[in-house]
Amino acid sequence: MTTAGIEVSLCVGVGDAARVGAALADAFRDDPVIGWLIPFDVSRREERLQTFFTSMSRSYLRRGKHVTVAGDGMGAALWSTPGSWSLPMSEIARESAPAFRAFGTNLLLALRTQLEVEGGHPKEPKHWYLGYLGVRCDSQGQGIGSLILREALDQADATSTPAYLESSNEKNLSLYERHGFRVTTSYPALGRGPTIWRMWRDPR
């Protein structure tokens, strides 16, 4: 799939984890929830962000999930295909070392936030789940986010399958709404953190 010369490609091996992780780390540098878990004034913050998102990308790729990247790393997305969205405790344990390097003393806070997110995840019907989507700050405003979204949503529509996501940044809600998602609920993370929006999309 291309637009304005930009191609979205499917990643198939853990060798792509660093490239995907770098794109997502840059895209999420100003995200409120990420900023709560990895504070803006913490030391080596860029390194911590890249450690976390590379770890998540590696976990998705290792489990054969649907990971896409735009161009040479302008943006990326981590999707779970229908019925495969939960994060096994074995994966959390396997990536515990990079998680500690990323979150430091906020590791427990990050784990509790993750458990809360999963606790509210709809179980049925089976759906595509967007774990993370982001476009590098210097590549935003070119339609890359929409292009990345459509790559998976076209497949969802072709099989009449719904999709679901959580957004941790209010400014991204309009992008998702343009592609058919609607807010089902919102809540402050752990009752005291930034707002998280849950969004559902029926197939078109």
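This table checks each residue for (1) at pLDDT 95 or above; (2) more than 14 Å from the chain's Cα centre (by Cα); (3) buried (at least 19 other Cβ atoms within 10 Å of the Cβ).
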{"residue": "A77", "(1), (2), (3)": "yes, no, yes"}
{"residue": "M89", "(1), (2), (3)": "no, yes, no"}
{"residue": "L109", "(1), (2), (3)": "yes, yes, no"}
{"residue": "H127", "(1), (2), (3)": "yes, yes, yes"}
{"residue": "L175", "(1), (2), (3)": "yes, yes, no"}
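Taking the condition over 17 Å from A18 (Cβ atoms), surrounded by fewer than 22 Cβ atoms within 10 Å (Cβ to Cβ) and either modelled with pLDDT of 90 or more or of a type outside the set (A, V, I, L, M, F, W, C) (or both), does S55 pass?
Details: over 17 Å from A18 (Cβ atoms): no; surrounded by fewer than 22 Cβ atoms within 10 Å (Cβ to Cβ): yes; either modelled with pLDDT of 90 or more or of a type outside the set (A, V, I, L, M, F, W, C) (or both): yes.
Here the answer is no, as S55 does not meet what is asked.
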Could you figure out which of (1) in a helix (DSSP H, G or I); (2) touching a strand residue (DSSP E or B) at 6+ places or on another chain (Cβ under 6 Å); (3) among the aromatic types (F, W, Y) isn't true of F103?
(2)
Sole miss for L115 among (1) in contact with a strand residue (DSSP E or B) (Cβ under 7 Å, 6 or more places away or on another chain); (2) surrounded by fewer than 19 Cβ atoms within 10 Å (Cβ to Cβ); (3) not basic (K, R) is condition (1)
Within region 147-186, the residues that are touching a residue at least 40 places away in the same chain (Cβ under 8 Å), of a type in the set (S, T, Y) and under 24 Å from R29 (Cβ atoms) are S168
Considering only region 10-41, how many residues are in a strand (DSSP E or B) and surrounded by fewer than 14 Cβ atoms within 10 Å (Cβ to Cβ)?
1
Leading residue by the ranking (surrounded by the fewest Cβ atoms within 10 Å (Cβ to Cβ)) among those in region 177-204 that are assigned to a loop (DSSP other than H, G, I, E, B) and not acidic (D, E)
R192
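The values are calculated or read from the model by the stated rules, or taken from the named source; none is laboratory data. As the structure is a computational prediction, the values presented were derived from the model and not from experiment. As a convention, Cβ positions derive from the backbone with ideal geometry for all residues, glycine included, and neighbour counts pool all protein chains shown.
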